[in-house]
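See structure below.
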Amino acid sequence: MSRTRLSPPRSRRALVAAFAGGALMLTAACGAGTKTAASQATSVGCAVTQPSTPTTVNILAYNSSAIDPFTNTLIASCQSPTLTFKHDPVDFGGQVQKTATTLAGAKGAFDLVEMYSLVIPKYNDKIVSLDDMFAKHKDTFKLGDLDPTMLKGMSYNGKLFGIPTQANITTFVYRKDIFDGLGLKPPKTFADLKDAAAKIQASGKVKYPVAMPLLASGDVSTRFMIGLFSQGTTYVDPTTKKPMFNSPQGKKALQAVRDLVPYMDPQVTTFDQPKVQQQMFNGTAAIGEMYSGRMLDLVQQKNSKFYDKFAFMEPPAIEAGGKPWATVSVDGWSIPQNTSVDKDLVFQVMAASVSEAAGKAAVPGAFPSRKGLATSATMPWFDAVTATLNDGAQTPPMEKWTADMQTATREFIAQGITGALSVDDALAKAQAAAEKVLAAAGG
């Protein structure tokens, strides 16, 4: 799905209907880390053609409460005397590294790889086009019930490269007891967020009230991208074809995060989503930004003494009237071209893992790719997510250069956040790096 223009905004009614029916927009990857055990996996049946000789399928999938239900259910449902699976969970950083490694050689270490929408363009020449197998097995596995927009998120240049499992939406969680005690309302803008954080900090209840994933080696790129989305733009201007890092929107996006630094842990640029989640578990933060797939862990009594004090809200906008500080990630399964296992068998396993029964088993940990399985009755954060989509949560650019542009610019974005560089200097350096990436890609 290659494009430089932003997707046109949907009407309020269309967005609500799309989300309730499972039609979700697309974006980059979610974080990792989970407290969802494999022992909780549900066996839902697996109508695959069993191999006649012993076959092992090696799975690469990162550890997340939104991903684990599909991985665990796949293994519990499809293993047989002749079909076994090997899965050693890794964190998201490990997933990124191992994906690059296994796809680089003539023979890879994995036969089934968890993939996400942003990197489909990067790896489309290393993973199998699934269109023919999708058509062959569509009726058997009722693949026509998969959400078409999520399928689009697993596609590039009109070809399908992955079977979607679920999607994640940027969501904010906050301590309702602290907000109520101080007479605070959920913030609508970043100015409101800063004001709420200042009051919480001044009250002495929480020293560093705001928790955001700003890991310098990855998450800062997504945060900057979301800041552009909130202002109705993205990395590259569709008219001028120039990167938007040192644009007025880029400056507002970076400054909005930098203004929150006094209210975040001093080590914030070492924090990924699991660490943000841990801050909420521990009570060392009162407001947290994470993907919706992490919310289930928060409301489990076994995980935190604050489990019944969390509430969920639509992310604030950079400015009043803008889009929410949000993006949406689609995850799914892909088949490496260098696997030695029968690709049709691997596809069938993938298809079985996203059955209606499997999707129902994944709720509320994940928003499954089958339409209509997630509702406000099953997810406390459903209304916050619906509002986020309703107000125009943006999609990322699905281009080959996107991941390289993020890698080339994130060092400067991180330095702009910490104050090692001024906002203007950080964005000037990021702009120059982005222009080089775009030129190398022929953009």
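The values are calculated or read from the model by the stated rules, or taken from the named source; none is laboratory data. No experiment lies behind these values; they were computed from the predicted model shown. Note that each Cβ is placed from the backbone with ideal geometry, even for glycine, and that neighbours are counted across all protein chains shown. When the accessible area is computed, the model is the full protein with side chains, heavy atoms only, and any ligands, DNA or RNA have been set aside. Shrake-Rupley method; radii C 1.70, N 1.55, O 1.52, S 1.80 Å.
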Review point. Restricting the search to the stretch 87-108, which residues are closer than 23 Å to Thr73 by Cβ and either at pLDDT below 90 or not hydroxyl-bearing (Ser, Thr, Tyr) (or both)?
Key: His87, Asp88, Pro89, Val90, Asp91, Phe92, Gly94, Gln95, Lys98
**Study point:** Residue that is surrounded by the most Cβ atoms within 10 Å (Cβ to Cβ) [pool: residues in the stretch 169-178 that are hydroxyl-bearing (Ser, Thr, Tyr) and within 24 Å of Tyr116 (Cα to Cα)]
**Key:** Thr170
Review point. Only one residue in Lys241, Lys251 is within 22 Å of Asp425 (Cα to Cα), of a type in the set (Lys, Arg) and in a loop (DSSP other than H, G, I, E, B), so which one is that?
Key: Lys241
Practice item. Read through the list (1) open to solvent by 10 Å² or more (accessible area, probe 1.4 Å); (2) in contact (Cβ under 8 Å) with a residue 40 or more places away in the chain; (3) in a loop (DSSP other than H, G, I, E, B); (4) of a type in the set (Ser, Thr, Tyr), then give the number of the only condition that Thr234 fails. Key: (1)
**Study point:** Close pairs from the stretch 360-378: first closer than 18 Å to Thr73 by Cα and without any contact (Cβ under 8 Å) to a residue 24 or more places away in the chain, partner assigned to a loop (DSSP other than H, G, I, E, B) and open to solvent by 40 Å² or more (accessible area, probe 1.4 Å), Cβ under 7 Å, at least 6 apart
**Key:** Val363/Thr378
Exercise for review: Read through the list (1) open to solvent by 10 Å² or more (accessible area, probe 1.4 Å); (2) over 19 Å from Tyr174 (Cα atoms), then give the number of the only condition that Lys275 fails.
Suggested key: (2)
Review point. Do you know which of the residues in the stretch 269-286 that are touching a residue at least 60 places away in the same chain (Cβ under 8 Å) and assigned to a helix (DSSP H, G or I) is farthest from Asp425 (Cα to Cα)?
Key: Met280
Check your understanding: Inside the stretch 159-190, can you point out the residues that are within 30 Å of Leu345 (Cβ to Cβ) and touching a residue at least 40 places away in the same chain (Cβ under 8 Å)?
Key -> Phe161, Gly162, Ile163, Pro164, Thr165, Gln166, Ala167, Asn168
Check your understanding: Can you list the strands (runs of 3 or more DSSP E) found entirely within the stretch 44-135 that contain at least 1 residues being basic (Lys, Arg)?
Key -> 83-87
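Okay, residues lined up against (1) part of a loop (DSSP other than H, G, I, E, B); (2) in contact with a Leu (Cβ under 7 Å, 6 or more places away or on another chain); (3) among the basic types (Lys, Arg):
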residue: Val328; (1), (2), (3): no, yes, no
residue: Thr339; (1), (2), (3): yes, no, no
residue: Pro380; (1), (2), (3): yes, no, no
residue: Val385; (1), (2), (3): no, no, no
Point to revise | Breaking point among (1) modelled with pLDDT under 95; (2) crowded, with 22+ Cβ neighbours inside 10 Å; (3) of a type outside the set (Ser, Thr, Tyr), for Asn390 | key: (2)
Study note, to complete from the structure: Residue hits (the stretch 287-316; in contact (Cβ under 8 Å) with a residue 40 or more places away in the chain and of a type in the set (Gly, Ala, Ser)) are Gly288, Ser292, Gly293, Ala311
Review point. Gly181 versus (1) open to solvent by 30 Å² or more (accessible area, probe 1.4 Å); (2) assigned to a loop (DSSP other than H, G, I, E, B): which is the lone unmet condition?
Key: (2)
Review point. Is at least one residue of the stretch 227-244 under 22 Å from Met280 (Cα atoms) and in contact with a Phe, Trp or Tyr (Cβ under 9 Å, 6 or more places away or on another chain)?
Key: no
Exercise for review: Give the residues of the stretch 287-321 that are part of a loop (DSSP other than H, G, I, E, B), touching a strand residue (DSSP E or B) at 6+ places or on another chain (Cβ under 8 Å) and either among the hydrophobic types (A, V, I, L, M, F, W, C) or open to solvent by 30 Å² or more (accessible area, probe 1.4 Å) (or both), sorted by residue number.
Suggested key: Val299, Phe306, Lys309, Glu314, Ile318, Glu319, Ala320
Practice item. Give just the number: which of (1) within 17 Å of Ala326 (Cα to Cα); (2) out of contact with any Leu (no Cβ under 6 Å at 6 or more places or on another chain); (3) open to solvent by less than 10 Å² (accessible area, probe 1.4 Å) does Val206 not satisfy? Key: (1)
Check your understanding: Taking the condition at pLDDT below 90, closer than 22 Å to Ile163 by Cα, in contact with a helix residue (DSSP H, G or I) (Cβ under 9 Å, 6 or more places away or on another chain) and open to solvent by 40 Å² or more (accessible area, probe 1.4 Å), does Lys343 pass?
Key -> no
Review point. Being crowded, with 18+ Cβ neighbours inside 10 Å, in a helix (DSSP H, G or I), among the small types (Gly, Ala, Ser) and in contact with a helix residue (DSSP H, G or I) (Cβ under 8 Å, 6 or more places away or on another chain), is that true of even one residue in the stretch 154-168?
Key: no
Practice item. Residue by residue through the stretch 322-339, note down the ones that are open to solvent by 10 Å² or more (accessible area, probe 1.4 Å) and within 16 Å of Phe224 (Cβ to Cβ). Key: Gly322, Lys323
Practice item. Inspect the stretch 417-424 for any residue being among the hydroxyl-bearing types (Ser, Thr, Tyr), part of a helix (DSSP H, G or I), within 19 Å of the chain's Cα centre (by Cα) and modelled with pLDDT of 90 or more and give the result as yes or no. Key: no
**Study point:** Residue check, Ala374 of a type in the set (A, V, I, L, M, F, W, C), assigned to a loop (DSSP other than H, G, I, E, B) and either more than 30 Å from Ala109 (Cβ to Cβ) or open to solvent by 10 Å² or more (accessible area, probe 1.4 Å) (or both)
**Key:** yes
